[in-house]
Every structure is written in C-alpha cells, then in structure tokens.
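S.K.: One structure, as structure tokens, below. Some questions next.
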Amino acid sequence: MTRIRLQNAALEAEIDAQGAKVARLIFRSHQSPVLHENPAGAMFPMLPLANRVAGNRFVLRGEEVVLPQHEADDTFFLHGDGWLRRWAVVNATQSGCLLRLHSWHPCGYDYTAQLCYQLEASSLHASLTLTHNGERPMLYGCGFHPFFAFDARSTAQFSASGYWPEGEQHLPLPWQNDIPPAADFTRAQYGEDAWLNVGYSGWGGQAVIQRDVMKLTILAQTPWLMLFRVSGEEFLCLEPQTHPVNAHHMPGQPGLRLLAQGEQCHFALQIRVE
C-alpha cells in the first residue's frame, strides 16, 4: 500500500508511504486545497533532525559526529532521512493511519519512528514518536514541513521574539530581535513575493493563515518556527520544529534531545481549518 486516502465530513487527505508525506489536504466544503501540492509532498516529517547542520557534522560528548549525505542535497543531511524513505503502513482506517520506519546510520543514528495522521472534525493531527535503538546515546530533533497554499489575498500571523537571518549555504546568521518588515508576521500580512528562509524564536505555538475561503490555525508546542517562501510560488511554509536550525552548534544545543537506548522523543502538529 503506497497511497492512503483519509476522509471525514470536513477534510480529505492523501498520505504517501514514500516519505510518510501528506500528498494533499482538501477542505471539502469548498473543494479548496489547504496544502500546496508539489513534488516534495504537501507536508513531510523532518527526522532525526530538522533542516541543516553546519559542516554536516557536530561534536557530541567530545567526539565528532559526521552526518550522512543523501541524494536530496549535495552538502547536508537535509531534514534527515525520514522524508526520503519508504515507511511501513501499520494500519489505516477511513480517518487515520499509522506508519513506521526503522533507520540506521554508522554515525550513531539508530531509531524507530512512528507517525500517526488523524482527521478529527476539521483538523489534521500529525503525531511523531522517535525511539533510539543504539547502545550509545544520540542527539535527536524533528519537525514538520508543510507547504500551505498562500497567494496575494492571503495573510499570515504569529508571535516571535526575534529571528535568525539567512546566511551562506542557507545556514542562520546570528540571532537578532529586530525583525525587518518583510519578515515580521507579528501582525497579519502577506509580506513580499520574494525568497525568505528564516527561523524564529519565541514563537507562541500558534500561527494563523487567513485566506479568502478559509482560516487555518497551526498549533505545535515548540518556541521555534521556520518560514520558507519562494518568489513566484503560491505557497508559504511554516515549519514547527523541536530545535532551531543548526542548534547542534549553539551553546547548550537548544531543543535537541540526547536519547539513551529505549528513550523516546515526541512531537505533534495540528492544522485546524475553518
């Protein structure tokens, strides 16, 4: 089973076991897309880390960990490997499904992931659990990468205390609390039809996208949110993740979890449609 169709009175979704992606999400009353469909998937999980790590390596307990590479990026273990692997379908019902992945890498990642997608009323719930299987502890993080349908009639709004501008190789520059107008969504706005790829701190765990036919509320329990948009494209990525980009090189490695064998980390996202 590769594609799984989920449906209830309000929403219709298609889940692809290749990458555990949401291939599409439709608001049924208007037959309008909630997520923007594209080759990468309308939404995919990021694990066992989110985004990029400088040098594709980091130091853990005094030892250098060299991350693997994959076909999706020439330099980085971009978004980890979960979005590129085929997951096993554990079960599927009319409104939900459970997927599972086992992954191992010589660098120390050895994990089992479970991802549950569930339609409840007018919401899509995505719940991800990672279990470390290796004998040596390893550093984990995760998140979700949704592409929301977003055009010139749309606005987005969310709280933030500051942000990391984008630097070379799409890695963050030093954090600053002065957010420029084009990146400041503490007030509802469309922003600019231009490239923007930045991370925010102090996120309150809720973001709102207002469109002509619907209102979307994005909910996740983390203070870190990534925003990505491309000039000329009608999407806006708001990516809740457990840690800021390149946290592996930040003091204290904020948001990352050091898991011993058998220990777990959990992350959930809700997309509510009105």
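The values are calculated or read from the model by the stated rules, or taken from the named source; none is laboratory data. Since we're looking at a predicted model, the values are computed, not measured. Don't worry about glycine lacking a Cβ; one is built from the backbone with ideal geometry, like all the others, and counts go over all protein chains shown. Protein only, heavy atoms only, side chains kept; ligands, DNA and RNA dropped before computing areas. Shrake-Rupley method; radii C 1.70, N 1.55, O 1.52, S 1.80 Å.
S.K.: Looking at the chain as a GNM with Cα springs under 10 Å, which of Ala182, Ala160, Ala149 has the largest mean-square fluctuation?
M.R.: Fluctuation is largest for Ala182.
S.K.: For the pair Arg153 and Gln18, how long in nm is the line joining their label points, each one 7 Å along Cα→Cβ?
M.R.: 3.4
S.K.: Give the calculated FRET efficiency between Gln189 and Arg136 to the nearest 0.05, with a Förster radius of 41 Å applied to their Cβ-Cβ distance.
M.R.: Computed FRET efficiency for Gln189 and Arg136 comes out at 0.30.
S.K.: In what sequence, largest accessible area first, do Val59, Val208, Val245 appear using a 1.4 Å probe?
M.R.: Val59, Val208, Val245
S.K.: Return the single residue from Asn133, Asn56, Asn38 with maximal mean-square fluctuation; model: Gaussian network over the chain, springs between Cα atoms under 10 Å.
M.R.: Maximum fluctuation in the GNM of the chain, among the listed residues, is at Asn38.
S.K.: Here's another thing I want to ask about it. Can you give the local net charge around Lys21? Use residues other than it whose beta-carbon is closer than 13 angstrom to its beta-carbon, Lys and Arg +1, Asp and Glu -1.
M.R.: Result for the local shell: +1.
S.K.: If you filter region 116-205 for GluC sites (Glu not before Pro), then keep DSSP loop positions with at most 16 other Cβ within 10 Å, what is left?
M.R.: Glu135, Glu192
S.K.: Got a sec? What order do Leu225, Leu219 fall in by accessible area at 1.4 Å, biggest, i.e. largest, first?
M.R.: The residues order as Leu219, Leu225, largest area first.
S.K.: Can you put Ser161, Ser122, Ser154 in order of accessible area, largest first, using a 1.4 Å probe?
M.R.: Ranking Ser161, Ser122, Ser154 by accessible area, largest first, yields Ser161, Ser122, Ser154.
S.K.: Could you identify which residue out of Leu60, Leu25, Leu139 has the top mean-square fluctuation in a GNM of the chain using Cα springs shorter than 10 Å?
M.R.: With Cα springs under 10 Å in the chain, the top fluctuation among Leu60, Leu25, Leu139 is at Leu60.
S.K.: Once the whole set of protein chains is in place, how much accessible area is left on Leu84, using a 1.4 Å probe, in Å² to the nearest 10?
M.R.: Here the residue's solvent-accessible area equals roughly 40 Å².
S.K.: Here's something else I'd like to know. Roughly what would the spin-label model give for Glu71 and Gln206, points 7 Å off Cα along C-beta, in nm?
M.R.: 4.3
S.K.: With a 1.4 Å probe and every protein chain kept in, tell me what percent of the accessible surface of the chain is carbon plus sulfur.
M.R.: Its accessible area is 48 percent carbon and sulfur atoms.
S.K.: Sequence gap at least 6, Cα distance under 8 Å: using those rules, report the relative contact order of the chain to the nearest whole percent.
M.R.: 19 percent.
S.K.: Okay, next question. Using a 1.4 Å probe, what is the accessible area per residue for region 6-99, in Å²?
M.R.: Roughly 40 Å² per residue, with all protein chains present.
S.K.: Residues of region 1-24 with the amide nitrogen closer than 15 Å to a label point 7 Å from the Cα of Val90, along Cα-to-Cβ, please.
M.R.: 20
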